[in-house]
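Asks: Structure provided below as structure tokens; questions to follow.
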Amino acid sequence: MQKIVCLDLEGVLVPEIWISFAEKTGIEELKLTTRDVPDYDVLMRGRLKILREKNLKLKEIQQVISSMEPLDGALNFLNILRTKTQVIILSDTFNEFATPLMEKLRWPTLFCNHLITDQDGMIVSYKLRQNDGKFEAVKALQSIGFTVFAAGDSYNDLSMIKQADKGALFRSPKNIIEENGYLSHCTEYTELMEVIDIFLFNG
């Protein structure tokens, strides 16, 4: 039986990019994430509106991202996990954001989305790889013979976790934990590794 692990990126392996940028710029509205707003399109349109109003361009966000580091323990967790099985990062972030962080995580496989900018470098829109891409990726892996474990922290991770053969929430906010009480919830990488090890070796 071929097994594979799918992980969310922000909140699981690296800090939330938009929160980091909000803290740098002092724009409180940009602290909203998929932990707070279930509808990703509503969330992104709100973010892009704020960026236009404040005349903030892609390069300003990239400067903040380049200074970010993986969460404490994330790289070690990922390194150990990749000695046990294949790992794919499924994220609703964008290639234009993720590259510096992927380098710091030693280039795991990443499925994410794409930003559209104008000639001045202003983000004008975004293009999803596909709708509900995390769920579709898990389903596609299952269709080619993989048994899948999925973990994430936000509303936009729930569909992939529920579709996966086994899954867990990781450091999710209280509201998501309470609304999905039947899902395992881990707060430390050691806990998450234990749950994954059961999936990998006891089934």
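The values are calculated or read from the model by the stated rules, or taken from the named source; none is laboratory data. None of the values given here were measured: they were computed from a predicted structure. Every residue, glycine among them, receives a Cβ derived from its backbone with ideal geometry; neighbour counts consider all protein chains shown.
Asks: Count, please, the residues in the stretch 79-106 that happen to be touching an Asp or Glu at 6+ places or on another chain (Cβ under 8 Å), under 17 Å from residue 6 (Cα atoms) and of a type outside the set (S, T, N, Q).
Replies: Residues of the stretch 79-106 touching an Asp or Glu at 6+ places or on another chain (Cβ under 8 Å): 84, 89-91, 93, 104.
Next, from what is left, pick out any that are under 17 Å from residue 6 (Cα atoms): 84, 89-91, 93.
Okay, now just the ones that are also of a type outside the set (S, T, N, Q), so 84, 89-90.
Selection size over the stretch 79-106: 3.
Asks: Counting just the residues of the stretch 33-48 that are crowded, with 17+ Cβ neighbours inside 10 Å and without any contact (Cβ under 8 Å) to a residue 40 or more places away in the chain, which one comes out nearest to residue 174 (Cα to Cα)?
Replies: 43
Asks: May I ask you to list pairs of residues, at least six apart or on different chains, whose Cβ atoms are under 8 Å apart, with the first in the stretch 53-78 being more than 24 Å from residue 5 (Cβ to Cβ) and the second being crowded, with 18+ Cβ neighbours inside 10 Å and of a type in the set (Gly, Ala, Ser)?
Replies: From residues that are more than 24 Å from residue 5 (Cβ to Cβ), the pairs are 64/20; 65/20.
Asks: Moving on. List the pairs whose first member sits in the stretch 136-149 and is free of Cβ contacts under 8 Å to residues at least 40 places away in the same chain and polar (S, T, N, Q), whose second member is assigned to a helix (DSSP H, G or I) and crowded, with 17+ Cβ neighbours inside 10 Å, and whose Cβ atoms are under 9 Å apart, counting only residues at least 6 apart or on separate chains?
Replies: That search, which allows pairs on different chains as well, returns 142/163.
Asks: Additional query: In the stretch 49-68, how many residues are in a loop (DSSP other than H, G, I, E, B) and surrounded by 12 or more Cβ atoms within 10 Å (Cβ to Cβ)?
Replies: Of all residues in the stretch 49-68, those in a loop (DSSP other than H, G, I, E, B) come to 55-57, 67-68.
Keeping just the survivors that are surrounded by 12 or more Cβ atoms within 10 Å (Cβ to Cβ) gives 56-57, 68.
The total comes to 3.
Asks: Let me ask you something else. Looking at the stretch 1-16, which of its residues are within 15 Å of the chain's Cα centre (by Cα) and either surrounded by fewer than 21 Cβ atoms within 10 Å (Cβ to Cβ) or free of Cβ contacts under 8 Å to residues at least 40 places away in the same chain (or both)? Write out each step before concluding.
Replies: Going residue by residue through the stretch 1-16, those that are within 15 Å of the chain's Cα centre (by Cα) are 5-16.
Passing the criteria: 15, 16.
Asks: Moving on. Report whether or not residue 22 is free of Cβ contacts under 8 Å to residues at least 12 places away in the same chain and small (Gly, Ala, Ser).
Replies: Values: free of Cβ contacts under 8 Å to residues at least 12 places away in the same chain: yes; small (Gly, Ala, Ser): yes.
Considered against the rule, which asks whether it is free of Cβ contacts under 8 Å to residues at least 12 places away in the same chain and small (Gly, Ala, Ser), residue 22 comes out as yes.
Asks: If you don't mind, another one. Just the residues that are in a helix (DSSP H, G or I) and surrounded by fewer than 17 Cβ atoms within 10 Å (Cβ to Cβ), please, taken from the stretch 140-158.
Replies: 140, 142, 143
Asks: Same structure, new question: Among the numbered criteria (1) surrounded by 13 or more Cβ atoms within 10 Å (Cβ to Cβ); (2) not in a helix (DSSP H, G or I), which single criterion is violated by residue 137?
Replies: Looking at each condition in turn, residue 137 falls short on (2).
Asks: Spot the failing condition for residue 79; the list is (1) at pLDDT 95 or above; (2) loosely packed, with under 15 Cβ neighbours inside 10 Å; (3) of a type outside the set (A, V, I, L, M, F, W, C); (4) farther than 24 Å from residue 104 by Cβ, and only one is missed.
Replies: (4)
Asks: Please specify each residue of the stretch 114-132 satisfying the condition of being of a type outside the set (S, T, N, Q) and in a strand (DSSP E or B).
Replies: In the first step, residues of the stretch 114-132 are kept if they are of a type outside the set (S, T, N, Q); the result is 114-116, 118, 120-124, 126-129, 132.
If the condition is that a residue be of a type outside the set (S, T, N, Q) and in a strand (DSSP E or B), then 114, 115, 116, 123, 124, 126, 127 are the ones that fit.
Asks: Please go through the stretch 159-193 and pick out each residue that is part of a helix (DSSP H, G or I), within 21 Å of residue 71 (Cβ to Cβ) and within 15 Å of the chain's Cα centre (by Cα).
Replies: Residues satisfying the conditions are 160, 161.
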